[in-house]
Amino acid sequence: MTVTDEITATAPESAGIIGQRMLRKEDPVLLTGEAVFTNDMVVPGALHLAVLRSPYAHAKLISVDTSAAVAMPGVQAVYSGADLAELWASPMPCAWPVTDDMLSPEHYPIATDTVNYVGDGVAVVLADSNMIAHDAIELIDVTYEPLEAVTSITDALSDRVVVHDELGTNSSYTWNLLVEEAEGDVQRAFDAAAFTVSEQYVQQRLIPMAMEPRAVVAVPQPFGGDMTLYSSTQIPHILKVMVAVTLGFPEHQLRVVAPAVGGGFGAKLDVYAEELLCIALANKHACPVRWNEDRSENTVATVQGRGQVQNIELAADANGKLTAVRVRLVADMGAYLQLITPGVPLLGAFLYAGVYDLPKAYDFSCTGVFTTMTPTDAYRGAGRPEATYAIERAMNALAAEMDVDPLDVRRRNFIGPEQYPYEAFTGLVYDSADHDAALGIAEELVDYNGLRAQQAKQNTADETKRLGIGVSTYFEMCGLAPSRVLASLNYSAGGWEAATVRILPTSKVQVVTGTSPHGQGHETAWSMIVADKLGIDPADVDVLHSDTTIAPLGMDTYGSRSLPVGGVAVGMACDQVIAKAKQIAAHQLEASSDDIEFAGGVFSVAGSPDKEMPLAAVAFEAFTAHDLPDDLEPNLEVQVSYDPPNFSWPFGTHICVVEVDTETGAVDVLKYVAVDDCGVQVNPLIVEGQVHGGVVQGLAQALYEGAVYDSDGNLQTSTLAEYLVPAASDVPPITLGLSVTPSPTNSLGVKGVGEAGTIGAAPAVMNAIVDALSDLGVSDVPMPASPLNVWTAINSSQSAANTEANGGS
């Protein structure tokens with residue numbers, strides 16, 4: 001059960017529709033089963049695609065014999081990688097070459113010479129049914145020459161076994177960010193520091209586990225060469241461009257549609273082999289081709305998240321004020337570079353100093369390495385949860401080194417509210433925040449002082465149930481814009497977003513958005529923005545999205561960008577519609593447009609309340625065009641492409657309270673408080689849902705989830721029997737506090753919120769566990785903090801203490 005309390009810190013009074021707790025417009029079709037997901041689609045005459053996947057993590061392909069599969073009744077075609085080679089105009093895309101000398105192996109949808117992870121595609125079958133296709137792949141006879149696997153970051157760095165011979169090394173790139181006022185400042189800060197800490201943390205691999213696995217349907221038109229691709233994707237617009245490039249398919253003849261999508265979490269922010277295979281083979285066979293993923297296939301064929309080893313060092317003066325931060329990161333890329341694989345760690349590269357006022361003494365370096373495991377890519381938060389985890393765990397280590405309370409060391413270092421907008425050491429400008437206020441709300445909600453008093457009484461030497469309190473404060477750099485900043489990071493795309501607002505003759509409104517929702521509530525939120533701006537009922541607004549023919553311009557949904565970029569674009573389009581409508585109303589009311597006021601859906605003349613004209617009447621006049629100003633075009637329709645001037649910077653504080661059983665290692669989360677400030681909240685109900693879901697995913701990383709491989713590269717957690725995803729019964733009470741600090745960089749004052757819960761949760765939980773066990777000498781527990789891992793950490797610490805007490809013997 002989830003409990004929500006609200007405390008308003010700086011929230012403005014609600015005016016109009018924005019800020020109301022409106023139920024989601026999207027939910028009825030989902031709850032009644034009317035929503036159509038990709039695999040629900042009825043496509044007459046479609047052939048079913050199945051992919052034969054390598055059982056080896058690393059092997060040479062000696063031969064692929066498809067004869068028995070071809071002879072099976074109901075099989076229409078079988079192809080090896082060599083058979084399909086002529087269909088690819090270029091390798092699969094990586095849109096983020098983070099350095100000019102980055103090494104990237106050529107990666108095609110089906111392997112031809114070498115397989116590099118368990119799940120790598122070896123051959124495909126097209127058949128009359130899904131069952132026949134999967135039966136047929138069992139008849140394909142493949143001869144492999146096994147090679148040694150590389151299943152750890154340490155092994156990858158050593159180049160003991162090189163995954164891609166043609167590269168000569170497993171290191172794809174090294175990206176550096178050194179910020180100093182003068183050369184040598186970082187080292188001088190460490191040399192002069194009163195306190196230093198040096199910590200290593202491991203971000204385990206995670207399997208995204210969206211409720212809906214991936215599915216694809218490619219439907220060619222009988223004549224003319226057009227193709228429609230239906231895919232369970234977050235990025236229909238980006239996918240369209242990348243398909244055109246990879247297949248050499250005419251972009252203007254390609255339509256991409258994302259039907260109802262059952263979750264993405266970053267894993268569907270990608271261009272996958274199966275999408276390319278379905279289009280290429282549908283085009284070749286002149287008939288629809290479809291593919292859907294089962295859960296076990298999903299665990300190896302869909303990208304995984306995280307996978308990092310983090311080394312972080314902090315230097316502080318005698319008061320605990322940070323003077324330098326140094327980070328050395330090694331990121332597991334997996335076998336190949338997917339769409340933004342190498343850039344994911346860079347999304348957190350600027351955040352390893354957290355919400356703290358750091359001088360220009362920051363040294364960050366990241367090396368990306370290849371392994372023989374499923375490729376990694378974006379997963380909810382993408383680089384920013386990893387950064388927050390490192391700095392927030394390290395801040396607790398600093399507090400322990402200084403023997404001060406973890407809240408105290410944070411307060412000594414917070415960027416003050418009066419310092420905003422704050423130009424950080426990296427040159428980025430943080431828009432607005434009040435970290436101490438958010439911490440204060442969380443502190444009050446959790447009864448921090450009372451808990452510390454309880455902990456002092458409870459955590460005695462003979463008590464096996466020990467209380468722990470963990471805190472995490474965070475910044476999120478979200479929006480993935482502006483485009484010029486992305487260009488400076490070698491990102492191939494822009495960060496803009498497009499929106500069209502169209503008032504129909506009967507005064508109903510159509511909104512066309514380039515964002516592509518998959519659970520975020522855009523139809524509801526965008527309707528509320530438009531209704532608030534135009535003074536109409538949200539029910540009179542229809543939001544069109546996720547179809548590149550209906551919404552030809554867009555950069556899609558990821559990185560908590562939809563509201564601060566796409567939603568702001570919608571609001572800007574409304575403002576321009578109103579500006580045009582004012583000219584029409586002024587003409588009709590025989591007044592100057594400067595004298596026209598608009599409120600509650602009605603135009604009126606200032607000082608003449610009897611002279612007014614409702615928006616509905618103006619819309620109809622714009623449609624008939626019988627009496628418009630001479631220089632004005634008919635219709636009320638405006639398209640806006642908005643490129644933000646800055647990222648948006650949501651922030652917050654999470655506090656977790658746990659009880660750890662030292663005999664079994666079991667962790668019980670007693671209470672969880674989250675205070676997340678995402679600026680102006682369009683719909684608090686949606687915000688709460690996003691935070692709840694994010695917190696649960698962060699808890700999942702901390703306590704349950706982890707993709708485990710053996711030394712041969714076999715995934716040991718390939719089903720939900722081994723890969724532990726928390727159920728509703730595992731979710732603790734979550735108390736939400738509210739702080740609203742509007743962003744000054746956009747007209748709505750909004751920030752993103754989709755990833756906030758995930759960013760704050762894991763370090764809060766792990767800090768709480770370590771806090772519970774610190775008196776026993778435990779300073780770290782690896783994630784996930786399973787009973788075994790916790791018990792092992794306790795016993796290792798006690799063994800070390802006993803050894804030291806016995807003089808090292």
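The values are calculated or read from the model by the stated rules, or taken from the named source; none is laboratory data. Remember, it's a predicted structure, so these values are computed and weren't measured experimentally. Cβ sites come from the backbone with ideal geometry, for glycine too, and all protein chains shown count toward neighbours. Protein only, heavy atoms only, side chains kept; ligands, DNA and RNA dropped before computing areas. Shrake-Rupley method; radii C 1.70, N 1.55, O 1.52, S 1.80 Å.
Kindly provide the set of residues from region 679-697 that are open to solvent by less than 20 Å² (accessible area, probe 1.4 Å), farther than 14 Å from GLY519 by Cβ and in contact with a Gly (Cβ under 6 Å, 6 or more places away or on another chain), ordered by number.
Within region 679-697, GLY679, VAL695 qualify.
Is region 765-779 home to any residue that is open to solvent by 10 Å² or more (accessible area, probe 1.4 Å), at pLDDT 95 or above and among the polar types (S, T, N, Q)?
Scanning region 765-779 turns up at least one residue that is open to solvent by 10 Å² or more (accessible area, probe 1.4 Å), at pLDDT 95 or above and among the polar types (S, T, N, Q).
If LEU276 satisfies all but one of (1) crowded, with 23+ Cβ neighbours inside 10 Å; (2) assigned to a strand (DSSP E or B), what's the number of the condition it fails?
(2)
Is region 649-659 home to any residue that is aromatic (Phe, Trp, Tyr), crowded, with 24+ Cβ neighbours inside 10 Å and not in a strand (DSSP E or B)?
Yes: region 649-659 contains one or more residues that are aromatic (Phe, Trp, Tyr), crowded, with 24+ Cβ neighbours inside 10 Å and not in a strand (DSSP E or B).
Within region 736-753, is even one residue within 21 Å of the chain's Cα centre (by Cα), more than 30 Å from ALA453 (Cβ to Cβ) and open to solvent by 20 Å² or more (accessible area, probe 1.4 Å)?
So far as region 736-753 goes, yes, one or more of its residues are within 21 Å of the chain's Cα centre (by Cα), more than 30 Å from ALA453 (Cβ to Cβ) and open to solvent by 20 Å² or more (accessible area, probe 1.4 Å).
Name the residue that is farthest from the chain's Cα centre (by Cα), counting only residues in region 77-91 that are of a type outside the set (Gly, Ala, Ser) and either closer than 22 Å to MET242 by Cβ or open to solvent by less than 40 Å² (accessible area, probe 1.4 Å) (or both).
VAL78
THR464 is checked against (1) surrounded by 24 or more Cβ atoms within 10 Å (Cβ to Cβ); (2) more than 20 Å from the chain's Cα centre (by Cα); (3) assigned by TED's automatic domain parsing to the domain that holds ILE769 and fails just one. What number does that condition carry?
Among (1) surrounded by 24 or more Cβ atoms within 10 Å (Cβ to Cβ); (2) more than 20 Å from the chain's Cα centre (by Cα); (3) assigned by TED's automatic domain parsing to the domain that holds ILE769, the lone unmet condition for THR464 is (1).
Here's the yes/no breakdown for (1) within 24 Å of PRO345 (Cβ to Cβ); (2) touching a Pro at 6+ places or on another chain (Cβ under 8 Å):
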residue: LEU178; (1), (2): yes, no
residue: ALA182; (1), (2): no, no
residue: GLN187; (1), (2): yes, no
residue: SER198; (1), (2): yes, no
residue: MET242; (1), (2): yes, yes
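Go through region 394-438 and give me each residue that's open to solvent by 30 Å² or more (accessible area, probe 1.4 Å), under 28 Å from GLN200 (Cα atoms) and part of a loop (DSSP other than H, G, I, E, B).
If the condition is that a residue be open to solvent by 30 Å² or more (accessible area, probe 1.4 Å), under 28 Å from GLN200 (Cα atoms) and part of a loop (DSSP other than H, G, I, E, B), then ASP403, VAL404, ASP405, ARG412, THR426, GLY427 are the ones that fit.
Give region 728-756 a look and list any residue that's in contact with a Phe, Trp or Tyr (Cβ under 8 Å, 6 or more places away or on another chain), of a type in the set (Ser, Thr, Tyr) and not in a loop (DSSP other than H, G, I, E, B), or say none.
Correct list: THR735 only.
Give region 544-571 a look and list any residue that's more than 23 Å from the chain's Cα centre (by Cα) and open to solvent by less than 10 Å² (accessible area, probe 1.4 Å), or say none.
GLY571
Which of the residues belonging to region 664-678 are among the small types (Gly, Ala, Ser) and buried (at least 24 other Cβ atoms within 10 Å of the Cβ)?
Answer for region 664-678, where residues must be among the small types (Gly, Ala, Ser) and buried (at least 24 other Cβ atoms within 10 Å of the Cβ): just ALA674.
What do you reckon, is VAL309 assigned to a strand (DSSP E or B), out of contact with any Gly (no Cβ under 8 Å at 6 or more places or on another chain) and open to solvent by less than 10 Å² (accessible area, probe 1.4 Å)?
Criteria not met by VAL309.
In the list VAL530, VAL501, which residue meets the criterion of being within 29 Å of the chain's Cα centre (by Cα), of a type outside the set (S, T, N, Q) and not in a helix (DSSP H, G or I)?
None of the other options fit; the residue is VAL501.
Does GLY494 meet the test of being among the small types (Gly, Ala, Ser), surrounded by fewer than 24 Cβ atoms within 10 Å (Cβ to Cβ) and over 21 Å from ALA756 (Cα atoms)?
Considered against the rule, which asks whether it is among the small types (Gly, Ala, Ser), surrounded by fewer than 24 Cβ atoms within 10 Å (Cβ to Cβ) and over 21 Å from ALA756 (Cα atoms), GLY494 comes out as yes.
Give the residue, chosen from GLU722, GLU688, GLU705, that is of a type in the set (Asp, Glu) and within 16 Å of ALA210 (Cα to Cα).
GLU705
Regarding VAL344, is this residue touching a strand residue (DSSP E or B) at 6+ places or on another chain (Cβ under 6 Å) and of a type in the set (Val, Ile, Thr)?
So VAL344 does not fit the description; no.
Please determine whether any residue of region 157-169 is within 26 Å of GLU297 (Cβ to Cβ), in contact with a Phe, Trp or Tyr (Cβ under 9 Å, 6 or more places away or on another chain) and touching a residue at least 60 places away in the same chain (Cβ under 8 Å). So that I can check it myself, show each step before the final result.
Our first condition is that a residue be within 26 Å of GLU297 (Cβ to Cβ); within region 157-169, this holds for 163-164.
In the following step, the residues that additionally are in contact with a Phe, Trp or Tyr (Cβ under 9 Å, 6 or more places away or on another chain) were identified as 163-164.
Next, from what is left, pick out any that are touching a residue at least 60 places away in the same chain (Cβ under 8 Å): 163-164.
Yes, that holds for at least one residue.
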